[in-house]
Amino acid sequence: MSASSERTIAVLGAGGFLGSHLVEGILEKTGHRVIAVDRTLRKLAVRSPRLTLLESALGEPGLLRKVVAESEVVVSMTALCNPALYNTRPVEVIHASFTDLVPLVDLCTSAHRRLVHLSTCEVYGRPPDAEQALSEDSPSVFGPVEKERWTYAAAKLLLERYIYARGRHHGLAYTIVRPFNVIGPRMDFIRGIDGDGTPRVLASFLGALLAGEPLELVDGGQRRRAFLWVGELVEALLRILAEPARCEGQTFNLGNPRNEVTIAELARQLSALFAARQGTARAPARSVPAERFYGEGYDDVEARVPAIEKAKRLLGWEPRRTLEEMLPEIVEDYLARYGERARAARQ
Ligand code: UGA
């Protein structure tokens, strides 16, 4: 990469699962400088003279203004992205996904900074035909307001609309990304070790395996998800950063339609791998009603498969890593980070 194409990229949410992988990818594969911002940057192990760390909440007075002023591109990845929170902490979810980010969109507009915003596949809500792959222009169908599961989706979709409006009417340069069930090392947290409550399904199952408890299949685990390897998400984001003109005003689905499995199948593969790695018997799985697992107001989508033709066409991107190829590296990562502490907690 030539020096003239080097930029300063601010990554908001750099301490999270996706953010920490993105920062590593930018530093490793490009010459860009990175300003990494998050409340905590514990997951971010990489160090570089091109990396500035800012451990701070977005709401800290003056923070957003300073970060926007010092960067050419802002990647916004902060969110409370976890279905266990949508019906239990909905007000915080709305603020984190919408209210807190409106000032960022405004600042990027007035300061003429490019915004790459990570939205979510949840914006499609609960499509009537779960067998139909979702393309970027598919409609959004949400349940009634009492189904608070869709609080997050509605807030994320409203922010997408706000970004679109700032782009169309006030000249904001932006790209929106909708990730579909990205998994990999460092995802979420393990209950009782570095977090409380229920993380998303991968970390939830790994937490159960580490604790020697049964894996809980919500409503029998027959719902399906298509999983994407985190490294392939980062690859797509690097292409988006490298191609501003081609990606201007675009929204991209990023997911792997070929990796669709039932949640019960994911549980089966993870417990088989874990047992083989530890030399123990396979952990059992048991069905739990959704209302008992998540509480009132939860709702779910039967399946969510991305159509990714636009990303193939505009980014030349096509994910290839199968679930079988991803899971061993993930199990190793969780064992390395939590194995000792989980053993200690079990004694
Ligand atoms: C979540 C977020 O809401 C999305 O914003 C995000 O984009 C998406 O994850 C993602 O990772 O990309 P969802 O796929 O429903 O959506 O989240 P998970 O918590 O990973 O749940 C997947 C399925 O597994 C659901 O049917 C859930 O009920 C089930 N599940 C979860 C279990 O059966 N057992 C568990 O222990 C946890």
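Can you tell me which residues in the stretch 1-49 are small (Gly, Ala, Ser), assigned to a loop (DSSP other than H, G, I, E, B) and surrounded by fewer than 19 Cβ atoms within 10 Å (Cβ to Cβ)? Answer for the stretch 1-49, where residues must be small (Gly, Ala, Ser), assigned to a loop (DSSP other than H, G, I, E, B) and surrounded by fewer than 19 Cβ atoms within 10 Å (Cβ to Cβ): SER2, GLY31, ALA45, SER48.
Among the residues of the stretch 175-201, write down those that are more than 22 Å from LEU41 (Cβ to Cβ) and near the ligand (Cβ under 7 Å from one of its atoms). The answer is PHE180, ASN181, THR198, VAL201. A single entry from GLY195, GLY184 fulfils the requirement of being within 21 Å of the chain's Cα centre (by Cα) and free of Cβ contacts under 8 Å to residues at least 12 places away in the same chain: GLY195. Screening ASN259 with (1) touching a Cys at 6+ places or on another chain (Cβ under 9 Å); (2) within 15 Å of the ligand (Cβ to nearest atom) gives one miss only, at (1). The set of residues from the stretch 313-333 being β-branched (Val, Ile, Thr) and in contact with a strand residue (DSSP E or B) (Cβ under 8 Å, 6 or more places away or on another chain) comprises just one member, ILE330.
Rundown of residues vs (1) modelled with pLDDT under 95; (2) over 18 Å from the mean Cα position of the chain (by Cα); (3) of a type outside the set (Val, Ile, Thr), yes/no style:
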{"residue": "GLY19", "(1), (2), (3)": "no, no, yes"}
{"residue": "GLY31", "(1), (2), (3)": "no, yes, yes"}
{"residue": "VAL34", "(1), (2), (3)": "no, yes, no"}
{"residue": "ARG47", "(1), (2), (3)": "no, yes, yes"}
{"residue": "THR52", "(1), (2), (3)": "no, yes, no"}
{"residue": "SER76", "(1), (2), (3)": "no, no, yes"}
{"residue": "CYS108", "(1), (2), (3)": "no, yes, yes"}
{"residue": "SER119", "(1), (2), (3)": "no, no, yes"}
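The set of residues from the stretch 276-304 being surrounded by 13 or more Cβ atoms within 10 Å (Cβ to Cβ), more than 26 Å from the chain's Cα centre (by Cα) and of a type in the set (A, V, I, L, M, F, W, C) comprises just one member, ALA283.
The values are calculated or read from the model by the stated rules, or taken from the named source; none is laboratory data. Just so it is clear, the structure is predicted and the values come from calculations on it, not from any experiment. For neighbour counting, all protein chains shown are included, and Cβ atoms are generated from backbone atoms with ideal geometry for every residue, glycine included.
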